[in-house]
1. Could you please rank T3, T49, T36, T66, placing first whichever residue has the fewest other Cβ atoms within 10 Å of its Cβ?
2. So for the chain, taking the charge dipole from beta-carbon charges (+1 Lys/Arg, -1 Asp/Glu), which of S8, S75, G102 sits furthest toward the positive end?
3. So how much slack lies between D4 and H63, counting 0.36 nm per residue of separation and subtracting their Cα-Cα distance, in nm?
4. Tell me the label only: which of (1) 13.5, 46; (2) 16.0, 56; (3) 14.1, 47 is Rg and Dmax of the Cα atoms in Å as calculated from this structure?
5. Using Cβ counts within 10 Å as a stand-in for footprinting exposure, how do S8, S88, S59 rank, fewest first?
6. Angle, helix 17-39 long axis vs. longest principal axis of the chain, Cα atoms, 0 to 90°, nearest 10?
7. Rank G61, Q25, T47 by how far each Cα sits towards the positive end of the charge dipole of the chain (+1 on Lys, Arg Cβ; -1 on Asp, Glu Cβ) and give me just the farthest.
8. If you line up the long axis of helix 82-96 against the longest principal axis of the chain, both from Cα atoms, how many degrees apart are they, to the nearest 10?
Amino acid sequence: MNTDVIYSSLGADPDLGELVEMFVQEMPDRVSALETQAQSRDWAQLTRTAHQLKGAAGSYGFHALTPLAARLEHSARAGQQEDQILASLADLLDLCRRVRAGAPQADDDHCAAPRSELP
């Protein structure tokens, strides 16, 4: 299981940071709803929740969640085998649990080049 945190591409935006923070604060409720829907095998509601999360995640700058939410939405809507739906759900929930508000610190950003290497 990957434990790297996921930041919004909008997290450092002074105008949108508060909205991103609200989205992150609401994520445990979304995770709980998805888990409850899967446990009760309510695939129709799971499809709707995945669809909503797909749009919201992209809107709030969490683009990594969008394809996984789309995959879950498709799996549940298409009536795929339960194990496929649950695997899609597990992948999405893994990412959902790693979202954070704000922006990565320089020492957290593994892709950033050290200042001495910048042109």
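1. Numbers: T3 7, T49 21, T36 13, T66 16.
The fewest-first ordering by Cβ neighbours comes to T3, T36, T66, T49.
2. Result: S75, furthest along the dipole toward the positive end.
3. Numbers: separation 59, 0.36 × 59 = 21.24 nm, distance 1.51 nm.
Full extension of this stretch gives 19.7 nm more.
4. Computed from the coordinates, Rg and Dmax of the Cα atoms in Å corresponds to (2).
5. Values: S8 25, S88 22, S59 14.
Ranking S8, S88, S59 by Cβ neighbours within 10 Å, fewest first, gives S59, S88, S8.
6. Value to nearest ten degrees: 30.
7. The listed residue farthest towards the positive side: T47.
8. Computed tilt is about 30 degrees.
Each reported figure results from applying straightforward, stated rules to the coordinates on display, with no laboratory input. Predicted model only: the values in this text are computed from it and were never measured. Cβ atoms come from the backbone with ideal geometry, glycine included; neighbour counts cover every protein chain shown.
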